[in-house]
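One structure is given here, and the rest of the page talks about it.
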Amino acid sequence: MDRGERLGIKHDNTPSHRPTTSPNTSKFAQKFGGTEKCSRCGDSVYAAEKVIGAGKPWHKNCFRCAKCGKSLESTTMTEKEGEIYCKGCYAKNFGPKGFGYGQGAGALVHAQ
């Protein structure tokens, strides 16, 4: 009988160690959930180099258009299926296609 039991203290039988499934073994990463991964290159993204776009973390250098490679900002980017594009490439590749688009107001037919 240990000293606590003689004084009437009951010990919880809960395990003191919970194993993690995280591949990162550092104490800091285990405590705070590790680092997020860049959506473009897959490497760890730390707070000093992190940009959020399309709801995902990116490195500042990876935050570029998927088509032309132009550097993006939150106001100049658009997103489609998890990938980010500049507004020009997005319009060129995913915008409306067919007759009558992009010709200006002179091509519109006015019905009486």
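Could you derive backbone 3J(HN,Hα) for the range 40-49 from the dihedral phi with the Karplus parameters 6.51, -1.76 and 1.60 (θ = phi - 60°), listing whole Hz in sequence and x where the residue is Gly or Pro?
Each residue of the range 40-49 in turn: 8, 9, x, 7, 5, 10, 9, 4, 5, 10 Hz.
With θ taken as phi - 60° and the coefficients 6.51, -1.76 and 1.60, list the Karplus ³J(HN,Hα) couplings across the range 69-83 in order, rounded to whole Hz; mark glycine and proline as x.
So the J values, rounded to whole Hz, are x, 5, 5, 10, 10, 4, 8, 10, 10, 10, 10, 8, 6, x, 10.
As a footprinting exposure proxy, order F63, F94 by other Cβ within 10 Å, with the fewest listed first.
Fewest to most other Cβ atoms nearby, the residues stand as F94, F63.
Can you list residues whose amide H is under 5 Å from K50's amide H, if they're 5+ apart or on another chain and H is modeled 1.01 Å from N?
Amide H to amide H, under 5 Å and 5 or more residues apart or across chains, K50 pairs with nothing.
Using amide H atoms built in the peptide plane, which far-off residues or other-chain residues are under 5 Å from K37 H to H?
V45
Taking the beta-carbon count within 10 Å as an exposure proxy, list I84, I52 from fewest neighbours to most.
Ascending number of Cβ neighbours within 10 Å: I52, I84.
Taking the Cβ-Cβ separation of E36 and K92 as r and a Förster radius of 30 Å, what is the calculated FRET efficiency to the nearest 0.05?
0.45
For K37, list the lysines whose Cα falls under 18 Å from its own Cα; do not include residues on the same chain fewer than 8 positions away.
K50, K56, K60
Taking amide H positions as placed in the peptide plane 1.01 Å from N, state which residues far from A66 in sequence (5 or more) or on other chains have amide H under 5 Å from it.
I84, Y85, C86
All of the numbers you see were taken from the coordinates with simple rules; none came from a lab. Please read these numbers as outputs of a predicted model, since none were measured by experiment. So basically every Cβ, Gly included, is an ideal-geometry build from the backbone, and we count neighbours across all protein chains shown.
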